[in-house]
Every structure is written in structure tokens, then in C-alpha cells.
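The numbers here are math on the coordinates, done by the rules we state, and not lab data. Quick caveat, the model's predicted, so the values are computed rather than measured. Here Cβ is always computed from backbone atoms with ideal geometry, including for glycine, and neighbour counts include all displayed protein chains.
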Amino acid sequence: MSHFTSLVNLKHRIQTSEAGRGNTESDQSFVYYLMYHGTTRKNVRSILVDGFHQSEDGMLGRGVYLSRDLQKASRYPLGHSEDDRVIIKVKVDVGKVIAITYQGHPLYDTAWVPPNCGMVESNLEENCVWDRKRIKIIGLNFPKPTPALTAFGLRS
């Protein structure tokens, strides 16, 4: 078993035991969303060990950029091959959410840009979570390797 596989198994055991300790009364006061974060195979190891780090140069400022749209997350990071991309599935306590439809909003826990509002080039939603402690990793999605092509253009 590789070191990376061990980390994934450890994270799963921790999350499973934490989930069992949850109490429904306290859970009702929080709003959780399932979201996705696209990253590279190299970066996923660091995220599993140290947690997420705030991006400093995103459209919404500092924070961890996530999407509820799996297809959008699967496009990231831009400029990397599909074989190098990993999707991290997370559960997020979004806290105070503000819909961002113009620049200059007041403080928030999570900024949400609605789809088709004209602020995101892809017209897909954008989420930015300020406090990385609000994010819990619940799964990983590695792309399936693309079969190699033969000299005749057929898949091997």
C-alpha cells in the first residue's frame, strides 16, 4: 500500500468516526453543502496532510474556491491534463453566505456567485469559503486513465 493510499484511508477513518459522534440537534443549526475542488495529483497529497490553503488571487479575493457543480470542478486546475487532475469532494459548513452580483460586498463566510449572472466567464457558479476549517474532505475522484492509441488510431 502506498503512502498516499494510507493517507486516504486514514482520512476516511477519521471522518467516519467523526460522523458517528455528530448530534442532530447541533447539526440543525448549520447549513452544509456538498462541493467539489479541482486540483492536481501533487497538490492533493498536501491538502490531505495540511488541509486547504486560501488562494490569494481569485476573483472573490482570499479563500478556498469550490463549486457545487462537479463538471466545473473537473475543469480545474486550468492548464493541466485530465490525467493530472483530481476532484476533492467536501462537506462545507457555509456559515453566512452572500450572493455576489457586484464588486464590494461586506464581510461573509462564503461568497457565492450565481450561475449566469455575468461575473464568471463560464457562466457557472463560483464559491469562495474564507475559513478552511469549515471544509471537511469526504472523498476523492481520480480520472480514469486514457487508453493509449495504437499506430492505427485504435485504442489498445
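Hey, which of these cross-link pairs are over 20 Å Cα-Cα: Lys72/Lys144; Lys42/Lys91; Lys96/Lys133; Lys42/Lys144?
Details: Lys72/Lys144 17 Å; Lys42/Lys91 22 Å; Lys96/Lys133 14 Å; Lys42/Lys144 17 Å.
Violating the 20 Å Cα-Cα cut-off are Lys42/Lys91.
Each peptide among 76-82, 40-46, 64-70 gets the average number of other Cβ atoms lying within 10 Å of its residues, and from highest to lowest they stand as 64-70, 40-46, 76-82.
Report the local net charge at Gly118: Lys and Arg +1, Asp and Glu -1, summed over other residues whose C-beta lies under 15 Å from its C-beta. Please list the in-between numbers first.
On the way: positive: none; negative: Glu121, Glu125, Glu126.
Local charge sum for Gly118: -3.
Placing +1 on the Cβ of every Lys and Arg and -1 on the Cβ of every Asp and Glu, with nothing else charged, gives segment 30-141 a dipole about its Cα centre of roughly 400 debye.
Among the DSSP beta bridges whose two residues both lie in segment 30-141, what percent are antiparallel, rounded to the nearest 5?
Details: 25 of 28 bridges.
If I count the DSSP bridges inside segment 30-141, around 90 percent turn out antiparallel.
Backbone phi angles across segment 53-67, fed through the Karplus curve with coefficients 6.51, -1.76 and 1.60 (θ = phi - 60°), yield HN-Hα couplings of 10, 5, 6, 9, 10, x, 4, 9, x, 5, x, 9, 8, 9, 9 Hz in residue order; Gly and Pro are listed as x.
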